[in-house]
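Participant: Input: one structure, supplied below.
The values are calculated or read from the model by the stated rules, or taken from the named source; none is laboratory data. As the structure is a prediction and not an experimental result, all values here were calculated from the model. Note: ideal-geometry Cβ built from the backbone for every residue, glycine included; neighbour counts use all protein chains shown.
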Amino acid sequence: MTLKELLIKHESKRLRPYKCPAGKLTIGVGRNLDDKGITEEEAMYLLDNDIKAIISSCRETFSWFAFLDNVRQAVVVSMIFNLGLGGFLGFKNTIAAIREKDWNRAADNMLQSKWAEQVGNRALELAEMMRDGRFE
């Protein structure tokens, strides 16, 4: 048995956060998130995995996604990162405008949503990126 196997045996391996017997938020193999958190490197690793998963979902869900420039792809990914794919699918008019490459209408529809009210400046920045195809 290796040390790693011993720790997994004793601590167990859980892929979703849970409260340990001491009441601390924990994940993985005994990682105390309340006291230790995660490192910068771990945060970037998780982000990279999340981005890959969202891009994969976009390619599977939207035939037009692969034909967008990288800025407009980033707008869609950012919105899905925030809303989830199901939430983004509710933006039917925005999606239709993107599919038609009507960037102004897509941006206008983004800004006329409850989401835009909730996220404020983020919506303004993403709408402008959708409009002009440039990173701000």
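Participant: Kindly list the number of the only condition in (1) within 17 Å of the chain's Cα centre (by Cα); (2) within 30 Å of residue 132 (Cβ to Cβ); (3) exposed (fewer than 14 other Cβ atoms within 10 Å of the Cβ); (4) among the aromatic types (Phe, Trp, Tyr) that fails for residue 88.
Facilitator: Every condition holds for residue 88 apart from (3).
Participant: Given (1) part of a helix (DSSP H, G or I); (2) small (Gly, Ala, Ser); (3) closer than 30 Å to residue 96 by Cβ, where does residue 63 come up short, assuming only one miss?
Facilitator: (1)
Participant: Suppose the filter is crowded, with 18+ Cβ neighbours inside 10 Å, in contact (Cβ under 8 Å) with a residue 24 or more places away in the chain and more than 27 Å from residue 27 (Cα to Cα); does residue 80 pass it?
Facilitator: It is false that residue 80 is crowded, with 18+ Cβ neighbours inside 10 Å, in contact (Cβ under 8 Å) with a residue 24 or more places away in the chain and more than 27 Å from residue 27 (Cα to Cα).
This table checks each residue for (1) more than 30 Å from residue 115 (Cα to Cα); (2) in the same structural domain as residue 96 (by TED's automatic domain parsing); (3) surrounded by 10 or more Cβ atoms within 10 Å (Cβ to Cβ).
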| site | (1), (2), (3) |
| --- | --- |
| 1 | yes, no, no |
| 4 | yes, no, no |
| 33 | no, no, yes |
| 42 | no, no, yes |
| 50 | no, no, yes |
| 53 | no, no, yes |
| 76 | no, yes, yes |
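Participant: Can you name the residue in the range 99-136 that is more than 13 Å from residue 82 (Cβ to Cβ) and either touching a residue at least 60 places away in the same chain (Cβ under 8 Å) or hydroxyl-bearing (Ser, Thr, Tyr) (or both) and is also surrounded by the most Cβ atoms within 10 Å (Cβ to Cβ) among such residues?
Facilitator: If we take residues in the range 99-136 being more than 13 Å from residue 82 (Cβ to Cβ) and either touching a residue at least 60 places away in the same chain (Cβ under 8 Å) or hydroxyl-bearing (Ser, Thr, Tyr) (or both), then 133 is surrounded by the most Cβ atoms within 10 Å (Cβ to Cβ).
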